[in-house]
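Read through the structure below, which is laid out as structure tokens, and then see the notes.
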Amino acid sequence: MIKKLATDELPQLLGELKHWQLSADSSSILRSFKFADFNEAFGFMTRVAIKAQEMDHHPEWSNVYNKVEITLSTHDAGGVTEKDVALAEFIDAAAG
């Protein structure tokens with residue numbers, strides 16, 4: 001089982017993941033994206049979905065037209081883990 005990151009590790013993590021925010025209860029990280037249109041947003045979500053499936057680590061997300069909201073947390077660990085960090089880094093790269 002993967003271990004969740006300690007609360008004191010999270011501020012440094014967010015310094016490295018500049019556009020991500022820590023949830024109010026420190027159990028997840030969040031980011032919002034805005035794209036030119038629905039097709040661009042959906043293409044981004046498709047790239048993330050393929051990577052998430054490869055990692056067997058799936059985001060909580062929502063999409064309305066050109067906006068995508070993503071929440072990452074490792075439910076089995078009860079918080080943020082290295083898997084969330086790795087997926088967040090991929091998501092940032094996929095967003096460009």
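Derivation of every value follows stated rules applied to the coordinates shown; laboratory data play no part. Quantities reported herein were computed from a predicted structural model and do not represent experimental measurements. Quick reminder, even Gly has a Cβ in these numbers, built from the backbone with ideal geometry, and neighbours come from all protein chains shown.
Values computed for the structure shown
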{"item": "Lysines whose Cα lies under 22 Å from that of residue 83, excluding same-chain neighbours fewer than 8 positions away", "result": "3, 4, 18, 51"}
{"item": "The chain, relative contact order in percent, only Cα pairs under 8 angstrom and at least six apart counted", "result": "34"}
{"item": "Test item: Cα-centred dipole of region 5-92, Lys/Arg +1 and Asp/Glu -1 on Cβ, debye", "result": "360"}
{"item": "Degrees between helix 82-95 axis and first principal axis of the chain (Cα, 0 to 90, nearest 10)", "result": "20"}
{"item": "Kirkwood Rh in Å, taken over all unlike Cα pairs in the chain", "result": "13.5"}
